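Visitor: Starting off with a structure, shown below.
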Amino acid sequence: MSEQDPNATLVERRDVTESLAYFLVAPDKAPFASFEPGQFTNLGLEVFDRTVGERRFVRRAYSMGSPPTQRARLEFYVRRVQGGLLTEALFELRSGARLWLDAAVYGRFTLEPVPADRDVVFVASGTGVAPYVSMLRAYSGRRRWRRAVLVETVREERELGYRAEIEAFATHDPSFVWLPTVTRAPETSPWRGARVRVPTLLDPEAFARRTGVALDPSTTHVLLCGNPTMLADVSTRLGELGFVPHSRRAPGQVHTERYW
Ligand SMILES: Cc1cc2nc3c(=O)[nH]c(=O)nc-3n(C[C@H](O)[C@H](O)[C@H](O)COP(=O)(O)OP(=O)(O)OC[C@H]3O[C@@H](n4cnc5c(N)ncnc54)[C@H](O)[C@@H]3O)c2cc1C
Ligand SMILES: NC(=O)c1ccc[n+]([C@@H]2O[C@H](COP(=O)([O-])OP(=O)(O)OC[C@H]3O[C@@H](n4cnc5c(N)ncnc54)[C@H](OP(=O)(O)O)[C@@H]3O)[C@@H](O)[C@H]2O)c1
């Protein structure tokens, strides 16, 4: 048996749109490794690679959306990337299909460097919401932050994954506010929320009024996850407000997870 032989089963795929879905994956050897909300692992499959004209094993990183208490079935929130080597193949799998799941967990994109007496702003584009869903599932109502705001940006309203669950967190947890923005909603759509890009939402006065959270590096940490240009543009805006990127050597208040 090689290291890349299938060792997990796709239990179910739940579609959000034609190119966004939750994948429920059960490892043969349960429970899966312990992890912190925000960490990721790898999924892999043997796929046909047209550029080399042969089948080859491909693995890619995915953040767990499920909480660490749920290790018999992991949940991933995946975008089908047009022409993407792994995702095109993943979206062809039926329930019961076999695939490879890394046995290890990776990443430092967790709340570990964020003290519990701070406010936290989670910023996600697209499937970048997955690590925050794991965090909300694990920490909501447990005083893991003073206040938390999830700023979520998607193109269309129907791409607001996990919407009902996130709305329920916002309803039941007074320390949590959801601030979605839908950037390509048609003028005629019934969407009543924000329609601007994230940097525009980060006006300190308006943001504090809407969420009760100060965009102030002495009280607030910001986590950013998703599209690299969104990360860069939001980081620039945060820099203007005095926020500093976090690293182990030089602690700061901005923590990032770049998906590509
Ligand atoms: C730490 C980490 C966690 C990740 N977690 C998730 C996750 O939870 N859900 C998820 O859907 N993806 C996640 N990704 C992205 C994922 O690893 C793959 O890159 C993605 O699924 C595309 O793989 P592919 O083989 O289909 O495309 P490839 O054939 O590898 O790439 C095609 C090209 O598409 C671009 N691309 C990659 N991802 C995207 C995207 N989402 N949207 C638009 N363009 C893209 C890149 O420029 C890439 O070169 C994560 C990446 C990292 C590094
Ligand atoms: N969404 C779709 O309809 C759709 C369908 C099929 C395939 N795809 C493809 O799938 C890929 C991923 O699409 P996606 O919608 O998940 O991710 P995306 O293109 O990264 O967009 C997600 C959100 O991030 C915002 N954003 C992008 N760049 C930004 C920046 N520099 N600063 C601030 N906000 C920024 C987008 O706003 P803007 O709208 O202003 O860019 C959008 O609200 C894309 O390559 C896309 O072509 C998309």
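Visitor: Within the stretch 140-150, does at least one residue satisfy the condition of being more than 16 Å from ligand 1 (Cβ to nearest atom) and of a type in the set (A, V, I, L, M)?
Guide: There is at least one residue in the stretch 140-150 that is more than 16 Å from ligand 1 (Cβ to nearest atom) and of a type in the set (A, V, I, L, M).
Visitor: Out of everything in the stretch 24-67 that is over 22 Å from GLU257 (Cα atoms) and touching a Phe, Trp or Tyr at 6+ places or on another chain (Cβ under 7 Å), what residue ends up being most open to solvent (accessible area, probe 1.4 Å)?
Guide: ARG55
Visitor: For residues that are outside any strand (DSSP E or B) and over 14 Å from GLU88 (Cβ atoms), tally how many sit in the stretch 49-66.
Guide: 5
Visitor: Filter the stretch 208-229 down to the residues that are part of a helix (DSSP H, G or I) and either closer than 27 Å to ARG108 by Cα or among the basic types (Lys, Arg) (or both) and list them by number.
Guide: ARG209, ARG210, THR211, PRO228, THR229
Residues are listed down the side, and each one gets a yes or a no for (1) without any contact (Cβ under 8 Å) to a residue 12 or more places away in the chain; (2) within 11 Å of VAL121 (Cβ to Cβ); (3) not assigned by TED's automatic domain parsing to the domain that holds GLY128:
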| residue | (1), (2), (3) |
| --- | --- |
| PRO204 | no, no, no |
| ARG210 | no, no, no |
| PRO245 | yes, no, no |
| VAL254 | no, yes, no |
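Visitor: Can you name the condition, by its number, that ALA21 falls short on among (1) open to solvent by 10 Å² or more (accessible area, probe 1.4 Å); (2) part of a strand (DSSP E or B)?
Guide: Of everything listed in (1) open to solvent by 10 Å² or more (accessible area, probe 1.4 Å); (2) part of a strand (DSSP E or B), ALA21 misses just condition (1).
Visitor: ARG143 versus (1) away from ligand 2 (no atom under 16 Å from the Cβ); (2) closer than 26 Å to PRO174 by Cα; (3) outside the structural domain of ALA168 (by TED's automatic domain parsing): which is the lone unmet condition?
Guide: Every condition holds for ARG143 apart from (3).
Visitor: Those residues that are surrounded by fewer than 13 Cβ atoms within 10 Å (Cβ to Cβ) and under 18 Å from VAL129 (Cα atoms), I need them from the stretch 2-16; list them, please.
Guide: ARG14, ASP15
Visitor: For a quick check of your reading: which strands (runs of 3 or more DSSP E) sit entirely within the stretch 90-199 and have at least 1 residues that are more than 30 Å from SER218 (Cβ to Cβ)?
Guide: Where strands (runs of 3 or more DSSP E) fall fully within the stretch 90-199 and carry at least 1 residues being more than 30 Å from SER218 (Cβ to Cβ), they are 98-101, 148-154, 176-182.
Visitor: Consider the stretch 24-39. How many of its residues are part of a loop (DSSP other than H, G, I, E, B) and either among the aromatic types (Phe, Trp, Tyr) or within 16 Å of GLU92 (Cβ to Cβ) (or both)?
Guide: Counting residues in the stretch 24-39 that are part of a loop (DSSP other than H, G, I, E, B) and either among the aromatic types (Phe, Trp, Tyr) or within 16 Å of GLU92 (Cβ to Cβ) (or both) gives 2.
Visitor: Next question. If only one of ARG80, ARG155 is among the charged types (D, E, K, R), touching a Lys or Arg at 6+ places or on another chain (Cβ under 6 Å), within 16 Å of ligand 2 (Cβ to nearest atom) and modelled with pLDDT of 95 or more, which one is it?
Guide: Result of the check over ARG80, ARG155: ARG155.
Visitor: Could you give every pair whose Cβ atoms fall below 7 Å, whose first residue belongs to the stretch 107-131 and is over 16 Å from ARG258 (Cα atoms) and within 16 Å of ligand 2 (Cβ to nearest atom), and whose second residue is open to solvent by less than 10 Å² (accessible area, probe 1.4 Å) and aliphatic (A, V, I, L, M), counting only separations of at least 6 or pairs across chains?
Guide: Within 7 Å, the pairs are VAL121/VAL149; VAL121/VAL151; VAL121/VAL213; VAL121/VAL222.
Visitor: Out of all the residues in the stretch 125-154, which are in contact with a strand residue (DSSP E or B) (Cβ under 7 Å, 6 or more places away or on another chain) and either of a type in the set (Asp, Glu) or open to solvent by 60 Å² or more (accessible area, probe 1.4 Å) (or both)?
Guide: Scanning the stretch 125-154 gives ARG146, ARG147, GLU152.
Visitor: Would you mind stating whether ALA232 is among the hydrophobic types (A, V, I, L, M, F, W, C) and in a loop (DSSP other than H, G, I, E, B)?
Guide: So ALA232 does not fit the description; no.
Visitor: Among (1) touching a strand residue (DSSP E or B) at 6+ places or on another chain (Cβ under 8 Å); (2) open to solvent by 80 Å² or more (accessible area, probe 1.4 Å); (3) of a type in the set (Val, Ile, Thr), where does VAL177 come up short?
Guide: Against the list (1) touching a strand residue (DSSP E or B) at 6+ places or on another chain (Cβ under 8 Å); (2) open to solvent by 80 Å² or more (accessible area, probe 1.4 Å); (3) of a type in the set (Val, Ile, Thr), VAL177 comes up short only on (2).
The values are calculated or read from the model by the stated rules, or taken from the named source; none is laboratory data. From a predicted model like this one, the values you see are computed outputs, not experimental measurements. All Cβ positions, glycine included, derive from the backbone under ideal geometry; neighbour counts span all protein chains shown. Remember, those area values only see protein heavy atoms, side chains included, never the ligands or the DNA or RNA. Shrake-Rupley method; radii C 1.70, N 1.55, O 1.52, S 1.80 Å.
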